[in-house]
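A short write-up of the structure that comes next.
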Amino acid sequence: MDSILSMFQYSVNNVIFKRYRSIIFADLIADSFSYVSLEDGEFVLQPKEAERASTYMSFLAESPLTHDDDRELLRTYSNIEHVKDQVLKSSFKPFYLTYRRKISFDDTRYSLTYINAVPIGDEKHLYLILFARDITTEFDLLKRDVIGKLNKEDVLNNGRRAVLIVDDDEFSREMLHDMLEEDFNIYEAADGKEALNMLEDIYNEVSVIISDINMPNVNGFEMLEKINADPLFSSIPVIAVTSDNEEERCLQLGAADFVNKPYNRAVLLSRINSIVRLRESSSALSEIEYVAKSNIYTRQAFIHHYKNALSKHSEIDWSLIVYNINEYRKNYEALGFDDYGNCALAIGAIINGINGYHLLVGKNNENEFVIMTDMKTNDFIEQLTLALNADELPLLGKIGIYEHLDKKEGAYEAINNAKEAIDSIYDLYDVHYHIYDEKLRLRKSKILLIESKMEEALSNDQFVVHYQPKHDAKTGELVGAEALIRWLSPEYGFMSPADFIPLFEKNGFIAKVDEYVWDRTCFNIRKWLDKGIDVVPISINTSRNDFSRKDFLARRMEPLKENELDPKYLHMEVTESLFSEDVEELSEILKTCKDAGFEIEMDDFGTGYSSLNILTTLPLDVLKLDMSFAKHFDDKRRHQVFEICVRLAKRLNLKTVSEGVETLELAKRIADMGVDMIQGYCYSKALSEKEFEAYMISHKRGSSK
């Protein structure tokens, strides 16, 4: 029996590896992963030392080969805390995701990757086994099965499928018609252009297209290209009537099969029936057109109908609305639903049931509906609220509206604009909707401009480092500085850090900027020391993206070694928001940095992200009190909180810095409270490299200028 089980296990293992392109074993607690290989029929882990699981998913999300519409999904799964939370909340239920990836940099086509994720373990030992495979071919067949079917009435009435015959030769069309009419409903078109126009109305009825290649107006090749480019038409298999030397090109354009003239009825019927049987073997009929258990369009079906509506009814003033219902996820049980999916279906049905208007409703993703309508914004909000209330549901979530659609703009751009409107109100509790306006348009244009210029700016030294001095609160002595990045564009002049720093933190470019500031500051310190200047310690920002690198500390130590610097000259500055999650992991990284000789400063303390317990957990040396305390120093409650923070820091043997102090009078009052250092305009603005060099010379330590 043991030998039989062993052979069974060996066979199973081999079958699994034949089915899946790769298998990955991820440790969600350690944020690590290993590739699984098969050696002598046994699974073997091959550790990937250089990367974390989260970094690997981030790499997939930001890869130039990844389809733009799939990046956000992959970014979500690069957040290990999110994945752990999903696994635990679902009681270790397996899940899957799919994403599209370019076949190569030079190719415009995409392959489709399917990842099946199987959680195992418990809260202390949480693992994820990822089975990945390329399902491009399978998906193409599924789409043909799903969309290329007759509508339900035809199936129930007589089970007959429909064939679209496309040929400019009337005799050939008649001959095919006579051959097939006994078994199929027949549609005819005289060329590719006529066929494409007919498909707008009958695409969901046609099982197979039989098309000649050599035709006037739009020929067979051009028609194949257009069919393949449409999200719904591409699901219909095409049998090309072609000569042998045209078959390769037809295959490249998406043809499913070939026949030659003169037609052999038995061969032709055999090929058509094979395609039909293959399509009808799937149990997922209608999934490409409609979301399961609903009459809500899927994303790709919505986009198809969106294009048609804009094209055929351009006289209508259309709006595109995105309704994010994620807030219902927290409340669905209290609202009487057994799961979030059923709650979402109910909301979709309510939206779709609004009467008296042109209304096209689709599902953009798990948490979003997309709606195309001629309703005015206020009317839509009013009707939606009334419809929800009629079913005893409140209006929850956020709604973004993009008005006055232009058919020159694609559906994806319209959806993204509506989502931009949602993003602008996401943190506003009592605001439910916002219209994409000129302000958002300008912001989007600015973001696109910044992202198009940032790499060039870094390569061409448009980023410059400034230094803002820190002074001893009691003596006024110069005791340190903070490195700050500035962008001086030859085209646009000075660009405010408030415009680009948040964007860089979001898109990950901040890691390159932080490294540039670090390297430049090391170079400057060496230069100043060689001039005999008494250099003060300089604190440099360190972002979450920096810590995600396994070789983070090694990269920071390298320029110190090159410039023969002691770590005492450089402080690592981290923001309070960095510790909103993964506190233990980041604490270990910071301890390693502290052991290497760096002092650690927490910036912006008091902005509300962390608990006081973090101060006892992290290896901090300096607490930088957020500038809002100094700005509102005379506010009684803020003053009291400020005073408590200073006392707490002293009890924990932490030095304190008060940022944003603008007058010497305020500096004295803050010093009297026991703050150790002052940073702000009361002493100096941020200075260029040359200006700060002169400042250090004129403010030698021991001097209280």
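The values are calculated or read from the model by the stated rules, or taken from the named source; none is laboratory data. Every value quoted in this text rests on a predicted model; they were computed, and no experiment measured them. As a convention, Cβ positions derive from the backbone with ideal geometry for all residues, glycine included, and neighbour counts pool all protein chains shown. Surface areas here come from the heavy atoms of the whole protein model, side chains and all, with no ligands, DNA or RNA. Shrake-Rupley method; radii C 1.70, N 1.55, O 1.52, S 1.80 Å.
As a test question: what accessible area, to the nearest 10 Å², does Ile202 have when a 1.4 Å probe is rolled over all protein chains in place?
For Ile202, the solvent-accessible surface is approximately 20 Å².
Can you send over the solvent-accessible area of Ser294, 1.4 Å probe, protein chains only, in Å² to the nearest 10?
Per-residue accessible area (Ser294): approximately 40 Å².
Where the centroid of each part is defined by its Cα atoms, how far is region 355-405 from region 430-481 in Å?
36 Å
Listed here are the pairs Lys453/Lys690; Lys527/Lys591; Lys102/Lys312; Lys330/Lys363; Lys446/Lys685; Lys506/Lys527; which of them are more than 31 Å apart at the Cα? Can you show the working numbers first?
On the way: Lys453/Lys690 26 Å; Lys527/Lys591 29 Å; Lys102/Lys312 33 Å; Lys330/Lys363 20 Å; Lys446/Lys685 27 Å; Lys506/Lys527 34 Å.
Pairs exceeding 31 Å: Lys102/Lys312; Lys506/Lys527.
Provide, for q = 0.27 Å⁻¹, the log10 of I(q)/I(0) from a solvent-free Debye sum over equal Cα point scatterers in region 181-249.
Cα-only, vacuum Debye calculation for region 181-249: -1.40.
Counting DSSP beta bridges in region 466-540, what percent are antiparallel, to the nearest 5? Display every interim value, and only then the final one.
Values: 9 of 11 bridges.
In region 466-540, DSSP labels about 80 percent of beta bridges as antiparallel.
Could you list log10 I(q)/I(0) for region 632-705 at q = 0.23, 0.25 Å⁻¹, which the Debye formula gives when each Cα is one point scatterer?
The computed values of log10 I(q)/I(0) come out as -1.09, -1.19.
Could the peptides 467-480, 68-81 be put in order, highest first, of the mean number of other beta-carbon atoms found within 10 Å of their residues? Present the calculation step by step, with values, prior to reporting the outcome.
Numbers: 467-480: 20.6, 68-81: 16.6.
So the peptides 467-480, 68-81, ranked by packing, come out 467-480, 68-81.
Under the 0.36 nm per residue contour assumption, what length would be gained going from the current alpha-carbon distance of Lys650 and Glu564 to full extension? All intermediate terms of the calculation are to be shown ahead of the outcome.
Values: separation 86, 0.36 × 86 = 30.96 nm, distance 3.36 nm.
Value of the extension gain: 27.6 nm.
What percent of all Cα-Cα pairs in region 298-421 falls in each 10 Å bin, counting up from 0?
Taking all Cα pairs of region 298-421, the binned fractions are 13, 48, 31, 8, 1 percent.
Rank His466, His632 by accessible area, highest first, at a 1.4 Å probe radius?
Per-residue accessible area, sorted high to low, gives His632, His466.
What's the ranking of 563-569, 428-434 by average number of surrounding C-beta atoms within 10 Å, highest first? Numbers along the way, then the final one.
Numbers: 563-569: 14.9, 428-434: 13.0.
The peptides rank, most packed first, as 563-569, 428-434.
Using the heavy atoms of the protein chains and a 1.4 angstrom probe, tell me the accessible area per residue for region 289-430 in square angstrom. Show your work: numbers first, answer last.
Details: 6770 Å² over 142 residues.
That works out to 48 Å² per residue.
Using a 10 Å cut-off on Cβ atoms, rank the peptides 646-652, 230-236, 217-223, 680-686 from the highest mean neighbour count down.
Details: 646-652: 15.3, 230-236: 21.7, 217-223: 20.0, 680-686: 17.3.
Highest mean packing first, the order is 230-236, 217-223, 680-686, 646-652.
So between Asp374 and Asp635, what do we pick up on full extension, going 0.36 nm a residue minus the alpha carbon distance?
Values: separation 261, 0.36 × 261 = 93.96 nm, distance 4.98 nm.
Result: 89.0 nm gained on full extension.
For Asp391 paired with Asn342, estimate the spin-label separation in nm (one decimal), with each label point 7 Å from Cα along the Cα-to-Cβ line.
1.3 nm
Quote to one decimal, in nm, the extra length available between Lys124 and Tyr681 on full extension: 0.36 nm per residue of separation minus the C-alpha distance between them. Please list the in-between numbers first.
Numbers: separation 557, 0.36 × 557 = 200.52 nm, distance 4.94 nm.
Here the segment from Lys124 to Tyr681 would lengthen by 195.6 nm.
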